[in-house]
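What follows is a single structure, written as structure tokens, with notes after it.
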Amino acid sequence: MNATKSDLLRFTTAGSVDDGKSTLIGRLLYDSKSVFEDQISSIKKTSERKGLEHIDLSLLTDGLKDEREQGITIDVAYRYFSTPKRKFIIADTPGHIQYTRNMVTGASTANLALILIDARKGVIEQTRRHSFIASLLQIPHVLVCVNKMDLVDYDEKVYESIVEDYRDFASKLDIQDFHFIPISALLGDNVVNKSENMSWYGGATLLYTLETIQVANDYNHLDTRFPIQTVIRPHNSEYHDFRGYAGRLVSGIIRQNDDIMVLPSGLTSKVKALHTPNEQNVNEVFAPQSIVVELADDIDISRGDMIIKENNQPLALQEFDAMICWLDNKPMNLGAKYTIRHTTKEAKSIIKEIVYKIEISTLQRLENETNLQMNDIARIKLKTTSQIMHDSYRKNRFTGSFVLVEEVSNNTVAAGMII
Amino acid sequence: MNYRLSHLDELESESIYILREAFAQFQNPCILFSGGKDSIVVSYLAAKAFYPAKIPFPLVHIDTGHNFQETLDYRDSLVEKFGASLIVGSVQQTIDEGKVVEEKGHNASRNRAQTTTLLDTIEQYKFDAAIGGARRDEEKARAKERFFSHRDEFGQWDPKNQRPELWNIFNGKKQMGEHFRIFPISNWTEMDIWMYIKEKNIPLPSLYFSHKRECIRRDDSILAYSSYLNLKEGEKPEEMVVRFRTIGDLTITGAVESDADTLELIINEVATARQTERGTRSDDLRSESSMEDRKKEGYF
């Protein structure tokens, strides 16, 4: 197995207790041999103690004592499996209405959203909720699995009508790439192996789709954005004059001798040398590498600054509109100060106005709102004490996203996407 | 030109980003170094993250006093190689000072006592961030852990009240007296660690490779025989060919019978293993939530 050449796919799943999500994840983990005997024997014991006749695979994903006791998922759980083709990271999030914040968290790092629909129920409110969040967070690929096909006699008409309903609804959203697969997670149809019960389905299985979907292009390699994390100064005789700007290139490409500009100062210089974790003095670096950049001129640069190309600049504003999801128990306080963390920069900010709140299940816009509670999603106007160098979230997930931190509790209270 | 990273390179890039965030956001971080493969990989990543400067954090080793000699030798050579500074927190000293009572009986271990020594060391040196090699795939309570994990002034973890972590934005803000645990290799699996060690030629303590050793069998485990182990009636040491999948304190780390004496063979063994690597750790087997309970108290 030459897995070092494989790549990484991060996907998120969301679902309620009975739509078969845990069974599906359990099957993917089990069929890819990612579940070990001692884990099986441990959940078997627990299942027996709870008086269940079958092994409850959801126990594999419920990590905390309270979750196992109450049979609910409270928090995002991360799961890992790999096949010879790819390594997968699953952000498994609970699907209840009150856990929108967890879905948003799981979606923020995902390349793909796996949405489960119960074939007997079709597109329901929860399907709409998950899809809206996938669209809001700009997850590049959405994979809709119509599950429990065994309970509708593997009927093609049922599947087709659900697909049609879903397309209808999704046309109001901003999702670029869809796939639909009819499956039975319980019996394994079209999960790893092609179903013999649905010969009318000509598409790929779930695992094959996960293994082959193109994710390399999900990184933006056009707009060079290099937020500085820290400056490396060795203070020893060998590297006496070394000044390396360290950080992760979040988008774009930088080559040796490139002309660059530093924001917010606007000073310009040339790239003298580029280093990656494994090689000193490379000709070119690309997102999402962690790199060190040396410049030809000695200019003042510190954490929070951004290196870019002069002919392709982000916006630098102190007032902008954003969609936010409120994450904290404590409601939003209009006009109060919050710390904004954006790339490696920090500033103070004030929410000036709620433009509208979104009723997720109907996508309706509610105006004249003055209050946001946990799990609410709204468009706001934000004012900051210094310029935020950003792109729209739609164009760049890393320079378009931010969080708000409450000043007393230090809690992360909101996730924001700049419009 | 193909602008693609292999999954190991992408994980490496993410971990280096986290280590640099730890350096930038905190005044006085340290690396918790156990001598196991995960904390070894974290130390190598830290060396890369700040090169050509030295690792800007001291390595902190919580010494139970029941360590494998191989672990201590390896630790000292690593510290020398990176020119790093080493701080040792002694569990023996915590016991001598009467802060914890040594466990008695056959299954006695100093595992739980480590937590007190660790929290004391963090307080004594005023560390505001302790960087560790825990991975989310290791154990179910760890699957819910954040990269930046907040601890209150008693060093406790509140799993139901964790800060959401979105995109690549990490919030290390805290009150005086509180600290953070930081886990740069959260997204790595056991297999990733082994493949990385092989790809980057990272030397390991000899314990990980197959060797002959005096061991005893107890329940389903094989334990290294040492003077720290309280033998039960009928138990007697026998020479076996073993290696260790994880390395902790001598009294709790189970060995596996294995002929794997090269990284290739170990990777094959890991790929076909039917038991998790912590399946032989008696500290985890005490109860279903023993890791969660210890983590809440401040264990790593």
Evaluate the following for A:E279: is it among the acidic types (D, E), at the interface with chain B (Cβ under 9 Å from one of its Cβ atoms) and closer than 17 Å to B:P52 by Cβ? no
If the Cβ limit is 8 Å and pairs must be 6+ apart or interchain, which residue in the range B:262-279 that is within 11 Å of chain A (Cβ to nearest Cβ) pairs with which residue that is surrounded by fewer than 17 Cβ atoms within 10 Å (Cβ to Cβ) and modelled with pLDDT of 80 or more? B:I267/B:K198
If you check A:R233 against the conditions, is it farther than 28 Å from A:S108 by Cα, touching a strand residue (DSSP E or B) at 6+ places or on another chain (Cβ under 7 Å), within 14 Å of chain B (Cβ to nearest Cβ) and among the charged types (D, E, K, R)? no
Checking the structure you have, find out if any residue of the range B:9-17 is touching a helix residue (DSSP H, G or I) at 6+ places or on another chain (Cβ under 8 Å) and either at pLDDT below 95 or more than 30 Å from A:E238 (Cα to Cα) (or both). yes
Sort out for me the strands (runs of 3 or more DSSP E) sitting completely within the range A:354-419 that have 2 or more residues that are touching a residue at least 12 places away in the same chain (Cβ under 8 Å) and within 14 Å of chain B (Cβ to nearest Cβ). A:377-390, A:401-406, A:412-418
Residue check, A:T268 against (1) within 27 Å of A:R10 (Cβ to Cβ); (2) hydroxyl-bearing (S, T, Y); (3) away from chain B (no Cβ under 14 Å), all met but one. Which one? (1)
Would you say B:P164 is at the interface with chain A (Cβ under 7 Å from one of its Cβ atoms) and of a type outside the set (D, E)? yes
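What's the total number of residues in the range A:293-327 that are within 14 Å of chain B (Cβ to nearest Cβ), among the hydrophobic types (A, V, I, L, M, F, W, C), in a loop (DSSP other than H, G, I, E, B) and closer than 20 Å to A:G266 by Cα? Don't jump to the end; show me each part of the working.
Initially, the range A:293-327 is screened for residues within 14 Å of chain B (Cβ to nearest Cβ), giving A:293-294, A:301-305, A:322-327.
Now restrict to residues that are among the hydrophobic types (A, V, I, L, M, F, W, C): A:293, A:301, A:322-327.
Now narrow it down to the ones that are in a loop (DSSP other than H, G, I, E, B): A:301, A:327.
If we keep only those that are closer than 20 Å to A:G266 by Cα too, we end up with A:301.
So the answer is 1.
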Return the residues of the range A:325-345 that are of a type outside the set (A, V, I, L, M, F, W, C), out of contact with any Lys or Arg (no Cβ under 7 Å at 6 or more places or on another chain) and surrounded by fewer than 18 Cβ atoms within 10 Å (Cβ to Cβ); say none if nothing qualifies. A:N329, A:K330, A:P331, A:N333, A:G335
Scan of the range B:129-153 for residues that are within 19 Å of A:D38 (Cβ to Cβ) and without any contact (Cβ under 8 Å) to a residue 60 or more places away in the chain, ordered by number: B:R136, B:D137, B:A143
So, in the range B:166-189, exactly how many residues are without any contact (Cβ under 8 Å) to a residue 40 or more places away in the chain and either over 26 Å from B:Q124 (Cα atoms) or in contact with a Leu (Cβ under 9 Å, 6 or more places away or on another chain) (or both)? 3
Taking only the range B:164-180 into account, find how many residues are in contact with a helix residue (DSSP H, G or I) (Cβ under 7 Å, 6 or more places away or on another chain) and hydrophobic (A, V, I, L, M, F, W, C). 3
Among A:D241, A:D218, which is the only one that is in contact with a Pro (Cβ under 6 Å, 6 or more places away or on another chain) and more than 8 Å from chain B (Cβ to nearest Cβ)? A:D218
Look at A:S290 and say whether it is farther than 30 Å from A:Y166 by Cα, in contact (Cβ under 8 Å) with a residue 12 or more places away in the chain, within 14 Å of chain B (Cβ to nearest Cβ) and under 24 Å from the mean Cα position of the chain (by Cα). yes
State all residues of the range B:23-58 that are closer than 22 Å to B:E123 by Cα and at the interface with chain A (Cβ under 10 Å from one of its Cβ atoms); if no residue qualifies, say none. B:F23, B:A24, B:Q25, B:P56
Can you pull out the helices (runs of 4 or more DSSP H) entirely within the range A:97-213 that have at least 3 residues that are touching a residue at least 24 places away in the same chain (Cβ under 8 Å), in contact with an Asp or Glu (Cβ under 8 Å, 6 or more places away or on another chain) and of a type in the set (S, T, Y)? none
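One line per residue, one yes/no per condition, for (1) surrounded by fewer than 18 Cβ atoms within 10 Å (Cβ to Cβ); (2) of a type in the set (K, R); (3) within 23 Å of the chain's Cα centre (by Cα):
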residue: B:N161; (1), (2), (3): yes, no, no
residue: B:W167; (1), (2), (3): no, no, no
residue: B:R181; (1), (2), (3): no, yes, yes
residue: B:I193; (1), (2), (3): no, no, yes
residue: B:L223; (1), (2), (3): no, no, yes
residue: B:E233; (1), (2), (3): yes, no, no
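The values are calculated or read from the model by the stated rules, or taken from the named source; none is laboratory data. What you are looking at is a predicted structure, and each value in this text was computed from that prediction instead of being measured. We place every Cβ from the backbone using ideal geometry, glycine too, and count neighbours over all the protein chains shown.
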